[in-house]
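Taking it in order: structure first as C-alpha cells, then the write-up.
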Amino acid sequence: MNGNNIVDFRVTSDGLIVGPGFHDGNATGIVIVDGDAVITAANYQGESYELKLIRPSVIAVNDFWESNIIGAVYLWELDRVPEIFLRRLFLRRLASDSTADVLRTELRKRGSVKVFALESSYGAEVTAGCVDLFITSMSRKKPA
C-alpha cells in the first residue's frame with residue numbers, strides 16, 4: 001500500500017464517486033492495514049487503484065467472489081446516507097427495527113463521519129462507516 005499518486009475525485013449530490021471510472025471495473029481485494037481498510041480495484045480500463053478508508057469504525061463485506069464487477073462507488077456525509085446503506089452496515093448487529101437516526105448516532109459514537117459503499121453488478125459489496133477516503137493510483141505510467 002503505497003501513497004504514490006493520490007487521485008482527485010468528486011462526489012455527486014447523490015454520493016456517487018466520479019473520477020476513476022469504477023463502473024464495470026473489478027474489486028480485487030480488501031485488507032486492514034494499521035487500522036485503515038484498503039480495497040484494491042481496477043477500473044474498466046484496467047488501471048489499478050487503492051481505495052483507503054480511514055479509520056473504519058464498522059465494515060460489512062458481503063459476497064466477495066472470484067470476479068467482483070463494480071456497479072458503483074459511493075461516499076456520503078453521515079447525515080446524507082440513504083437508510084438502506086445504514087441498514088446494510090448494521091445488518092445482524094443492531095435491532096432490525098432501529099431507526100436511521102439511531103444507526104447514525106451509533107456511527108457517530110464510534111467516530112465515523114462518512115459512509116462508504118461499493119455496490120457490485122456481480123460479487124462483492126462493501127459498506128463502511130469511516131473518517132475519510134483516499135484513492136491512490138497504483139498503475140505505472142509507461143515511459144515516453
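What pairs come up if the first residue lies in region 10-33 and is among the aromatic types (F, W, Y), the second is part of a strand (DSSP E or B), and their beta carbons are under 7 Å apart, counting only those six or more places apart or on different chains?
Taking only residues 6 or more apart or on different chains, the pairs are F22/A41; F22/I70; F22/V73.
Before we move on, is V61 surrounded by fewer than 16 Cβ atoms within 10 Å (Cβ to Cβ) and touching a residue at least 24 places away in the same chain (Cβ under 8 Å)?
So V61 passes the test.
Go through V131, V81 for me and flag whichever is touching a residue at least 60 places away in the same chain (Cβ under 8 Å), closer than 20 Å to V7 by Cα and among the β-branched types (V, I, T).
Just a single option satisfies the conditions, and that option is V131.
Here are the criteria: (1) surrounded by 15 or more Cβ atoms within 10 Å (Cβ to Cβ); (2) in a helix (DSSP H, G or I); (3) over 15 Å from the mean Cα position of the chain (by Cα); (4) free of Cβ contacts under 8 Å to residues at least 40 places away in the same chain. Tell me which single one S98 does not satisfy.
(2)
Can you tell me which residues in region 64-78 are surrounded by fewer than 16 Cβ atoms within 10 Å (Cβ to Cβ) and either free of Cβ contacts under 8 Å to residues at least 12 places away in the same chain or farther than 21 Å from G19 by Cα (or both)?
Once the filter is applied, which keeps residues that are surrounded by fewer than 16 Cβ atoms within 10 Å (Cβ to Cβ) and either free of Cβ contacts under 8 Å to residues at least 12 places away in the same chain or farther than 21 Å from G19 by Cα (or both), region 64-78 yields F64, W65, E66, S67.
Any chance you could count how many residues in region 5-59 are of a type outside the set (D, E, K, R), in a loop (DSSP other than H, G, I, E, B) and more than 18 Å from V115 (Cα to Cα)?
10
Restricting attention to region 79-94, and to residues there that are loosely packed, with under 13 Cβ neighbours inside 10 Å and under 16 Å from A60 (Cβ atoms), which single residue is modelled with the lowest pLDDT?
The qualifying residue modelled with the lowest pLDDT is R92.
Quick check on region 109-131: of everything there that is farther than 19 Å from D14 by Cα and charged (D, E, K, R), which residue is surrounded by the fewest Cβ atoms within 10 Å (Cβ to Cβ)?
Only one residue fits best here, namely K109.
The values are calculated or read from the model by the stated rules, or taken from the named source; none is laboratory data. The structure displayed is predicted, hence computed values, not measured ones. Backbone-built Cβ (ideal geometry, glycine too); neighbour counts: all protein chains shown.
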